[in-house]
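First comes the structure, then the notes that go with it.
Rule-based calculations on the coordinates, nothing more; no lab input. Quick caveat: nothing in here was measured; it's all calculated off a predicted structure. Note: ideal-geometry Cβ built from the backbone for every residue, glycine included; neighbour counts use all protein chains shown.
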Amino acid sequence: MPTYQYLCTECGHAFEQVQKFSDDALTTCPECTGKLRKVFNSVGVVFKGSGFYKTDSKSSSSASSSASSTAAPAAASASSSSSASSESSGSSSASSAASPA
């Protein structure tokens, strides 16, 4: 059963009440018999995607693990090739600087 939060508009008394979905909302404050209003908060869990079946997680988890393992070597080779190109450009600039002298 869900827990609802209520706030009195007259005395400011705030409390929580466990109710069924079919129960009517509370309207009077238990402290001062003033008007109550429900307090709505943002949802803690948001589901996004096309579907949520048991088989969906099996195929996507194996695909994501293989994608992450293939992405790591690709990133390593990209960083090593960029460092190699910077080394070669550094040596060519050094040799060109030395030749006019």
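How much net charge surrounds Met1 when only the other residues with a Cβ under 10 Å from the Cβ of Met1 are counted, with Lys and Arg +1 and Asp and Glu -1?
0
Take Lys38, Lys20, Lys48 and order them by how many other Cβ atoms sit within 10 Å, fewest up front. Can you show the working numbers first?
Details: Lys38 11, Lys20 8, Lys48 5.
Result, fewest neighbours first: Lys48, Lys20, Lys38.
At 7 Å along Cα-to-Cβ for each site, give me the label-to-label distance between Thr55 and Phe15 in nm.
Roughly 5.1 nm, to one decimal.
How much net charge surrounds Gln17 when only the other residues with a Cβ under 14 Å from the Cβ of Gln17 are counted, with Lys and Arg +1 and Asp and Glu -1?
-1
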